[in-house]
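What follows is a set of notes on a single structure, which appears directly below.
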Amino acid sequence: MEGKIHSFFAGGTVDGPGIRYVVFVKGCPLRCQYCHNPDTWTQENAQIFSAKEVFDKGIKYKGYFGTEGGVTVTGGEPLVQIDFVTELFKLFKEANVNTALDTSGILFDESNPVMMKKIEELLKYTDLVLLDIKHIDDECHIKLTGKSNKNVLAFAKYLSSHNKHMWIRHVLVPGITLNDEYLIKTRQFIDTLNNVDKIEVLPYHDMAKPKYEALGIDYVLKDTRIPTKEEVKHAKYLLGVIKDAA
């Protein structure tokens, strides 16, 4: 099984627990306004590697993983290449390496038995899901990403019902997700889930602007400011990350 790869990063510390070997795959159906990897949206100019070749590249770093680290597949959207990721994770699990899937869950579809069977198989070899909840309000989610959040929230509930460990990630964007009502609703949804080990509040940044310029893509958030430390702390309080916002 071959995968279409954007890049690799050894020594990642923000893509799951511990030190991780991070695989960036290409292809994503979302067009998030704040995406910092627009060069992974399409599969053009991808590097082609077999699952075994990627495994061989990553397993060399096993000695650095310790008890918590491992491999993370991100993107792009890993579920676009679900067969490849499944084969890759199976190889790493056979080598006793922790596996993490960084996904939006957008391709989860309970009405599609073929996809559901593939997701069930992938999760056999997945230790942790890093699930991005882009926006709790469906209309706002469509405006922000181009797609409904229904599959995303359904995937979260599916992971919960199957006792799959997950981290919830939420990007804090002034004027979009930096909103008490939406943050409270997001917390209320998360409270319905089992096995949420961590909630990560990711402050919006605009460091990807040069990528958009190079690709000739309009950066629609060019006038959006960075959230303040106080706003980030307040959001963490509303999401239950911290107990005191003072």
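The values are calculated or read from the model by the stated rules, or taken from the named source; none is laboratory data. Just so we're clear, the structure is a prediction, and the values are computed from it rather than from any experiment. Neighbour counts are summed over all protein chains in view; Cβ atoms, including those assigned to glycine, are modelled from backbone coordinates with ideal geometry.
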- Task: Within the stretch 185-214, track down each residue that is surrounded by 13 or more Cβ atoms within 10 Å (Cβ to Cβ), among the aliphatic types (A, V, I, L, M) and at pLDDT below 95.
- Result: A208
- Taking interchain pairs and intrachain pairs at least six residues apart, which have beta carbon atoms under 9 angstrom, with the first residue in the stretch 223-244 and at positive phi and the second surrounded by fewer than 18 Cβ atoms within 10 Å (Cβ to Cβ) and in a loop (DSSP other than H, G, I, E, B)? G240/D191
- Task: Mind counting the residues in the stretch 12-29 that are touching an Asp or Glu at 6+ places or on another chain (Cβ under 7 Å), in a loop (DSSP other than H, G, I, E, B) and either of a type in the set (A, V, I, L, M, F, W, C) or closer than 9 Å to T74 by Cα (or both)?
- Result: 2
- Checked the stretch 189-210 for anything in a loop (DSSP other than H, G, I, E, B), closer than 15 Å to Q33 by Cα and aliphatic (A, V, I, L, M); matches are M207, A208
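Let's see how each residue does on (1) closer than 19 Å to A156 by Cβ; (2) more than 18 Å from the chain's Cα centre (by Cα):
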{"residue": "R31", "(1), (2)": "no, no"}
{"residue": "N45", "(1), (2)": "no, yes"}
{"residue": "T74", "(1), (2)": "yes, no"}
{"residue": "F89", "(1), (2)": "no, no"}
{"residue": "E94", "(1), (2)": "no, yes"}
{"residue": "S111", "(1), (2)": "yes, yes"}
- Message: If I filter the stretch 232-239 for residues that are surrounded by fewer than 16 Cβ atoms within 10 Å (Cβ to Cβ) and of a type outside the set (G, A, S), do I get at least one hit?
- Response: no
- Which members of the stretch 76-121 meet the condition of being surrounded by fewer than 22 Cβ atoms within 10 Å (Cβ to Cβ) and in contact with a Ser or Thr (Cβ under 8 Å, 6 or more places away or on another chain)? K93, K118, E121
- Note on the structure: Matching residues in the stretch 104-125 (more than 20 Å from E2 (Cβ to Cβ), of a type outside the set (D, E, K, R) and not in a helix (DSSP H, G or I)) number 6
- Across the stretch 68-94, what is the total count of residues that are touching a strand residue (DSSP E or B) at 6+ places or on another chain (Cβ under 9 Å) and of a type in the set (S, T, Y)? 2
- Item | Scope the stretch 111-135; condition within 18 Å of N194 (Cα to Cα) and of a type in the set (A, V, I, L, M); matching residues | L123, L128, V129, L130, L131, I133
- Message: With the structure loaded, tell me whether H36 is of a type outside the set (S, T, N, Q) and crowded, with 19+ Cβ neighbours inside 10 Å or whether it fails that test.
- Response: no
- Message: Can you go through E53, E87 and tell me which one is assigned to a helix (DSSP H, G or I) and farther than 23 Å from K164 by Cβ?
- Response: E53
- Residue pairs within 7 Å by beta carbon, gap of at least six or interchain, first lying in the stretch 167-183 and crowded, with 19+ Cβ neighbours inside 10 Å, second among the polar types (S, T, N, Q), listed first then second, are H170/T177; H170/T186; V171/T177; V173/T224
- Query: In the list T186, T224, which residue meets the criterion of being in a helix (DSSP H, G or I) and not hydrophobic (A, V, I, L, M, F, W, C)?
  - Reply: T186
- Item | One residue from K62, K118, K147, K134 being under 22 Å from L239 (Cβ atoms), of a type in the set (K, R) and touching a residue at least 24 places away in the same chain (Cβ under 8 Å) | K134
